[in-house]
Amino acid sequence: GKVDILSIHDAVYKLYDSEIDKQSPNAMIQYLYKQKDSHALNYLRFAKHCEFFNSRQDDPWERQTFSAMPKRTELMNKAINLSEKVQNRNLKKRYAFLAIRLAWYNQHYDKVDSLFASSFEKTANKDILYYWSLYFKSFTEKNSARANFELAQVFANAVDKRFVCHQYFNKKISIEQALQFAKTNEEKANVYLLAGIEKYDKTLPYLKKMYEYNPASDGL
């Protein structure tokens, strides 16, 4: 509540990395400078510097394909290094997520798996960074049933990823196969949610299961 929402939005989504300095009129940037939070400021600059490389559509004529890959690798390694060095736990996870995303777009799928395992797999309190990272990890999963399970968890917890989760969900895999990876009732309810949405005929049995495992589910 110390900075207005519009200033936060502009700082995160509109400013260029070169505009994050003491002369910035943005209230969030000014707040971070007053707090002498150089770690947060450095993270913002770095994240913005990575934006161009967080897509495979950066050049429709593929003229920069080979120049982008080494740059992504450089940024990925830097993100890993920063994640290991920074003390702030939130920033530590954010740098790790940036590394995972860069690794995915650079087609370093083994790196996606290893980074997720070291930075997120044992996370007790799963926040949006966990589910954004699981989103990329699910694409590298060789076990289709486990991939369906992971996509279901992302679908239930990361609204902005739902369309792609729907696209990648494998309807040939039985719901029982995906459920074997669930450790909590909430996770089971999430599997029934995405499986139910993918079902074209009656889904009342799935709704009943969702209610049984998680009556407070938004998916209901």
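Per the listing 171, 161, the residue uniquely in contact (Cβ under 8 Å) with a residue 24 or more places away in the chain, under 29 Å from residue 107 (Cβ atoms) and over 20 Å from the mean Cα position of the chain (by Cα) is 171. Residue 54 - would you say it is within 23 Å of residue 137 (Cβ to Cβ), of a type in the set (S, T, N, Q) and at pLDDT 95 or above? Answer is no for this residue.
Filter region 1-38 down to the residues that are touching a residue at least 24 places away in the same chain (Cβ under 8 Å), over 26 Å from the mean Cα position of the chain (by Cα) and assigned to a loop (DSSP other than H, G, I, E, B) and list them by number. Break it down into steps so the answer makes sense when it comes.
Step one: filter region 1-38 for residues touching a residue at least 24 places away in the same chain (Cβ under 8 Å), giving 2-3, 11-12, 15-17, 20, 27-28, 31.
Imposing the further condition that a residue be over 26 Å from the mean Cα position of the chain (by Cα) reduces the set to 2, 27, 31.
Hit for region 1-38 is 2, nothing else.
Screening residue 72 against (1) within 23 Å of residue 195 (Cβ to Cβ); (2) open to solvent by less than 20 Å² (accessible area, probe 1.4 Å) leaves a single unmet condition, (1).
To keep it simple, each residue is scored yes or no on (1) in a helix (DSSP H, G or I); (2) in contact (Cβ under 8 Å) with a residue 60 or more places away in the chain; (3) open to solvent by less than 80 Å² (accessible area, probe 1.4 Å).
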{"residue": "91", "(1), (2), (3)": "yes, no, yes"}
{"residue": "98", "(1), (2), (3)": "yes, no, yes"}
{"residue": "103", "(1), (2), (3)": "yes, no, yes"}
{"residue": "110", "(1), (2), (3)": "yes, no, no"}
{"residue": "121", "(1), (2), (3)": "no, no, no"}
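Evaluated against (1) surrounded by fewer than 18 Cβ atoms within 10 Å (Cβ to Cβ); (2) in contact with a helix residue (DSSP H, G or I) (Cβ under 9 Å, 6 or more places away or on another chain); (3) more than 23 Å from residue 114 (Cβ to Cβ), residue 191 falls short on exactly one condition, (1).
Can you confirm whether residue 156 is hydrophobic (A, V, I, L, M, F, W, C), modelled with pLDDT of 95 or more and touching a Phe, Trp or Tyr at 6+ places or on another chain (Cβ under 6 Å)?
Values: hydrophobic (A, V, I, L, M, F, W, C): yes; modelled with pLDDT of 95 or more: yes; touching a Phe, Trp or Tyr at 6+ places or on another chain (Cβ under 6 Å): no.
No; evaluated as a whole, the condition is false for this residue.
Do we have residue 47 as open to solvent by less than 40 Å² (accessible area, probe 1.4 Å), assigned to a helix (DSSP H, G or I) and at pLDDT below 95 here? For residue 47, the condition - open to solvent by less than 40 Å² (accessible area, probe 1.4 Å), assigned to a helix (DSSP H, G or I) and at pLDDT below 95 - is not met.
For residue 182, state whether it is surrounded by 12 or more Cβ atoms within 10 Å (Cβ to Cβ) and part of a helix (DSSP H, G or I). Spell out how you get there, then give the answer.
Details: surrounded by 12 or more Cβ atoms within 10 Å (Cβ to Cβ): yes; part of a helix (DSSP H, G or I): no.
No.
So, in region 194-220, of the ones that are hydrophobic (A, V, I, L, M, F, W, C) and surrounded by 14 or more Cβ atoms within 10 Å (Cβ to Cβ), which residue ends up farthest from residue 148 (Cα to Cα)? Spell out how you get there, then give the answer.
Just the residues of region 194-220 that are hydrophobic (A, V, I, L, M, F, W, C), to begin with: 194-195, 197, 204, 207, 210, 216, 220.
This time we only want the ones that are surrounded by 14 or more Cβ atoms within 10 Å (Cβ to Cβ), so: 194-195, 197, 207, 210.
Values: 194: 9, 195: 9, 197: 13, 207: 18, 210: 17 Å.
Here the residue is 207.
Candidates are the residues of region 123-144 that are within 19 Å of residue 186 (Cα to Cα) and more than 13 Å from the chain's Cα centre (by Cα); the one that is least open to solvent (accessible area, probe 1.4 Å) is 123.
The values are calculated or read from the model by the stated rules, or taken from the named source; none is laboratory data. What you are looking at is a predicted structure, and each value in this text was computed from that prediction instead of being measured. Every residue, glycine as well, gets a Cβ built from its backbone with ideal geometry; the counts of neighbours run over all protein chains shown. Accessible surface is based on the protein model in full, side chains and every heavy atom, while ligands, DNA and RNA are left aside. Shrake-Rupley method; radii C 1.70, N 1.55, O 1.52, S 1.80 Å.
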